[in-house]
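Novice: The structure's right below; bear with me while I get my questions together.
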Amino acid sequence: MWRKSPFSPEENLRTERWLATARVFLAIWALIALWLDPEEVRSPWAYALLGFYIAHGTAVLVLLRSPQQSTSPLRLLVHCVDVLWPALISPYTSGQNNPFFLFFVFVLAAAAYRWGLWETVMTAVASVSLLWLESVSFEEGIMRTLNAWSTHHQMPVVQIRILGIEPRQLLMESVYLIVMGLLLGYLAERQKKLSAEKDIVARMLRLVRIDVGLAGSLSHIVRELVSLYGARGALIVTRESGSHRVHVGELQLDSAFPELRWADARPGASETYLRESIAISWLATRDGETGEVRLTGLGSSGSPVRDVDHAVVRSFANLHSFNSLAASFFSFSHELSGRIFLLDPTFPSGTEEGLIFLQDLVRQITPALYNLYLLRRLRSRAGAAERARLVRELHDGAVQSLIGVEMQVDVLRRHPPAADSMTDELERIQGLLREEVLNLRELMQEMKSTEMDARRLAGFLRDTVQRFQRETGIAAQFVMDGDEVVLPQSVCRELARITQEALVNVRKHSGAKQVLVQLLRENAGWQLTVEDDGTGFPFVGRITQSELDATGGAPAIIRERVRLIQGDLTIESRPGKGSRIEVYVPQIQTVEASSGAQNLFT
């Protein structure tokens, strides 16, 4: 389930470069140590071997400058040399207390860093085996042959008794190496597992995407969990605190691209899937012969919980077949809660440890999903407010005006006035109809679904301002700073809607003669400004969005849209002289629209 070591070529190359640098540093440090205390060396052979090792380390460091050279055979060859060299030099030094003993530590650390526990232990075993083989070989006559060759070439001889390779001296050194191998391998294994778990959490969080919505994100996450744990399938069951409606999403691996299939749960689903339990996460295993179910549970702190009530799985077992079943509870604040079930998962690292990670994983993903849930509710609120406004506009505007026009036409039909008066009345009625046609056109424009992104935003705003001027006779101008807008699609769409809403308010309520729309770079973001010379708002000065929310001040639609894109709204009013609406959006804004999401959790 979790990888043991870096697997990409880039990671392998970085690892080997770090080890090569450490190897050269260690060899140079050993040379300095010999220079400071030459008594640690019992034979000139140690200097020759150290020179060879320094050359070897330098060559590896130079070779690794090319990315193509970090191959598995090269890493294995370099590691074999690292294992062999300390064994070769140890007979010519003073035992495990000399600085060369650090090379044994280095080779064990390199194995732990490259691979894991068992590879490190095998490296320790290989080092110990070489030392003992060396001891036996020297005892069997290699020493005489080596000293004869040294005498012939006028080199100093070495006495067997002063070498640190006698069996009684090797015993403690062997114990040190095996224990150190176990310790370093275990620590490296834990660290690699921790890094792998962090990678898994980061990958899961990347699946929480607003463009696919809450239902789509849940589907991606559940599918990833099924793959991660090698499960046969999964279910996710949710319940809203307000309506107490229960939804069940089931994922079966019966297609190339399995998706969660959502459905309203049958009566009694809460008791079947969401029964209260002292265990936050648990694993149920069923005995194949007796059918008995054993439960292992964890509390909220991750500690084991005893005496878990079997009722949490009994009703589930009547509806779904499984050999093992893992479950974990989640909660989005107090508004939405639920439980995720994995059918026949595998826990390579052990039941308790696997459950702890599952519980921690669900806990870390929950806040991101909760943000999606809140964003969906916010969009729903904004949509409901806008629909209510459109209904109010139609009822109080077009419908009432048309009723008035119909009554006036009926009066003219029943009591026709003089010719001059008839012309004036018809012109007045025509003006009313023209005004209502303009109102309806604006409503249709706002209701129209417009594909908007950073490339289209400037052109859309310019066309909107020009159309506003043509249809209303109010002088309007659009100004933009910079050549390119860098904002997400959903932010651009909301900025376009905010501009439309602001211009509608200017036409209906301000009595302005001029209006200026600007899209300007501001600090590390963009600022949309709509300014007019009309009557202004019923206050003096500048007011922020938080103050508008506290007082319930207008414009409500603009406030909801600004909150939706996580922007900042400021309104400046000078009664009788005009008003100014400013919307600031940071450049780092990453909000994406949730279009076409499945209708879930309604």
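The values are calculated or read from the model by the stated rules, or taken from the named source; none is laboratory data. Note that the structure is a prediction, hence the values are computed from the model and not measured. Virtual Cβ from ideal backbone geometry, glycine too; neighbours counted across all protein chains shown.
Novice: Return yes when residue 335 is on the phi < 0 side of the Ramachandran plot, under 24 Å from the mean Cα position of the chain (by Cα) and among the acidic types (Asp, Glu) and no when it is not. Can you show your working first?
Specialist: Numbers: on the phi < 0 side of the Ramachandran plot: yes; under 24 Å from the mean Cα position of the chain (by Cα): yes; among the acidic types (Asp, Glu): yes.
Considered against the rule, which asks whether it is on the phi < 0 side of the Ramachandran plot, under 24 Å from the mean Cα position of the chain (by Cα) and among the acidic types (Asp, Glu), residue 335 comes out as yes.
Novice: I would also like to ask the following. Condition test on residue 441, is it modelled with pLDDT under 75 and not β-branched (Val, Ile, Thr)?
Specialist: Details: modelled with pLDDT under 75: yes; not β-branched (Val, Ile, Thr): yes.
It is true that residue 441 is modelled with pLDDT under 75 and not β-branched (Val, Ile, Thr).
Novice: Which ranges mark the strands (runs of 3 or more DSSP E) fully within region 475-538 that have 2 or more residues being polar (S, T, N, Q) and modelled with pLDDT of 85 or more? Walk me through how you get there before you give the answer.
Specialist: Numbers: elements: 475-480, 514-522, 525-532.
So the answer is 514-522, 525-532.
Novice: For a quick check of your reading of the model, give me the residue pairs whose first member lies in region 520-544 and is closer than 14 Å to residue 569 by Cβ and assigned by TED's automatic domain parsing to the domain that holds residue 572, whose second is part of a strand (DSSP E or B) and small (Gly, Ala, Ser), with beta-carbon atoms closer than 6 Å and at least 6 apart or on different chains.
Specialist: 537/573; 537/579
Novice: To continue, here is another question. Taking region 340-361 as the search range and keeping residues that are charged (D, E, K, R) and in contact with a strand residue (DSSP E or B) (Cβ under 8 Å, 6 or more places away or on another chain), which one is farthest from residue 220 (Cα to Cα)? Walk me through it before giving the result.
Specialist: First, pick out the residues of region 340-361 that are charged (D, E, K, R): 344, 352-353, 360.
Pick out the ones that are also in contact with a strand residue (DSSP E or B) (Cβ under 8 Å, 6 or more places away or on another chain) and you get 344, 352.
Working: 344: 19, 352: 25 Å.
So the residue we want is 352.
Novice: Let me ask you something else. Go through region 269-285 and give me each residue that's assigned to a strand (DSSP E or B) and touching a residue at least 60 places away in the same chain (Cβ under 8 Å). Spell out the reasoning first.
Specialist: At the first step, the residues of region 269-285 found to be assigned to a strand (DSSP E or B) are 281-285.
Once the filter is applied, which keeps residues that are assigned to a strand (DSSP E or B) and touching a residue at least 60 places away in the same chain (Cβ under 8 Å), region 269-285 yields 281, 282, 283.
Novice: In region 258-275, which residues are modelled with pLDDT under 80 and farther than 13 Å from residue 233 by Cα?
Specialist: Residues satisfying the conditions are 262, 263, 264, 265, 266, 267, 268.
Novice: Can you tell me how many residues in region 179-193 are without any contact (Cβ under 8 Å) to a residue 60 or more places away in the chain and either under 17 Å from residue 106 (Cα atoms) or not assigned by TED's automatic domain parsing to the domain that holds residue 110 (or both)?
Specialist: So the first thing to find is which residues in region 179-193 are without any contact (Cβ under 8 Å) to a residue 60 or more places away in the chain, and the list is 179, 183, 190-191.
Of the ones still in play, those that are also either under 17 Å from residue 106 (Cα atoms) or not assigned by TED's automatic domain parsing to the domain that holds residue 110 (or both) are 179, 183.
Number of matching residues: 2.
Novice: Is there a residue being outside any helix (DSSP H, G or I), over 22 Å from the mean Cα position of the chain (by Cα) and modelled with pLDDT of 70 or more anywhere in region 349-364? Explain how you work it out, then say what you get.
Specialist: Start the filter on region 349-364 by keeping residues that are outside any helix (DSSP H, G or I), which leaves 349-350.
Among the residues that remain, those that are also over 22 Å from the mean Cα position of the chain (by Cα) are: 349-350.
When the remaining residues are screened for being modelled with pLDDT of 70 or more, the result is 349-350.
Yes, the conditions are met somewhere in region 349-364.
Novice: Can you tell me which of 321, 328, 401 is modelled with pLDDT of 80 or more and surrounded by 15 or more Cβ atoms within 10 Å (Cβ to Cβ)? I'd like the intermediate steps shown before the answer.
Specialist: On the way: 321 fails: surrounded by 15 or more Cβ atoms within 10 Å (Cβ to Cβ); 401 fails: modelled with pLDDT of 80 or more.
Only one candidate qualifies: 328.
Novice: Residue by residue through region 191-222, note down the ones that are at pLDDT below 80, over 16 Å from residue 330 (Cα atoms) and either in a helix (DSSP H, G or I) or among the aliphatic types (A, V, I, L, M) (or both).
Specialist: 210, 212, 213
Novice: Then there is this: Going through region 559-572 one residue at a time, which ones are closer than 14 Å to residue 531 by Cβ and crowded, with 19+ Cβ neighbours inside 10 Å? Even if it seems obvious, please write down each step before you answer.
Specialist: Start the filter on region 559-572 by keeping residues that are closer than 14 Å to residue 531 by Cβ, which leaves 570-572.
Hit for region 559-572 is 571, nothing else.
Novice: Report, by residue number, each residue of region 468-518 that is of a type in the set (Gly, Ala, Ser), free of Cβ contacts under 8 Å to residues at least 40 places away in the same chain and in contact with a Ser or Thr (Cβ under 7 Å, 6 or more places away or on another chain). First the steps, then the outcome.
Specialist: Going through region 468-518, the residues of a type in the set (Gly, Ala, Ser) turn out to be 473, 475-476, 482, 490, 496, 502, 510-512.
Cutting the leftovers down to free of Cβ contacts under 8 Å to residues at least 40 places away in the same chain gives us 473, 482, 511.
Selection gives 511 alone.
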